[in-house]
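As structure tokens, the structure follows; a few thoughts come after it.
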Amino acid sequence: MKARIIVTLKNGVLDPQGKAIEAALKSLAIEGVEGVRQGKVFDIEVSAMDAATAEATLRTACDKLLANTVVENYAIEIL
């Protein structure tokens, strides 16, 4: 079973990498960009009998390794 995990910073958490990307876009004369927040995407294959089991396994992986839940949110998509 394939899944995608998207990890993003929580609202209110400073994002210096996002600010650097925003500045770089402006320096390249790319107009209309008013804010950038960066994140991470993980494409993972899980051997599970059903989607609920896969999601439980991936939630554990996020809580223990893939996301810092103090400052990051994550979303799991079973594909």
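Couple of notes before you dig in:
- Leading residue by the ranking (farthest from GLN38 (Cα to Cα)) among those in the stretch 4-24 that are surrounded by 14 or more Cβ atoms within 10 Å (Cβ to Cβ) and within 16 Å of the chain's Cα centre (by Cα): ARG4
- From the list ILE44, ILE21, ILE5, the lone residue that is touching a Cys at 6+ places or on another chain (Cβ under 7 Å), of a type outside the set (Lys, Arg) and modelled with pLDDT of 95 or more is ILE5.
- Subset of the stretch 1-47 [more than 14 Å from CYS62 (Cα to Cα), of a type in the set (A, V, I, L, M, F, W, C) and not in a helix (DSSP H, G or I)]: MET1, VAL13, LEU14, LEU28, ALA29, ILE30, VAL33, VAL36
- Some residue of the stretch 48-68 being assigned to a loop (DSSP other than H, G, I, E, B), over 16 Å from the mean Cα position of the chain (by Cα) and touching a residue at least 12 places away in the same chain (Cβ under 8 Å): yes
- Screening GLU45, GLU72, GLU34, GLU55 for residues that are surrounded by fewer than 16 Cβ atoms within 10 Å (Cβ to Cβ) and in contact with a strand residue (DSSP E or B) (Cβ under 9 Å, 6 or more places away or on another chain) leaves exactly one candidate, GLU45.
The values are calculated or read from the model by the stated rules, or taken from the named source; none is laboratory data. If you're wondering where the values come from, they're calculated on a predicted model, not measured in any experiment. Positions of Cβ are generated from backbone atoms using ideal geometry, with glycine treated the same way; all protein chains shown enter the neighbour counts.
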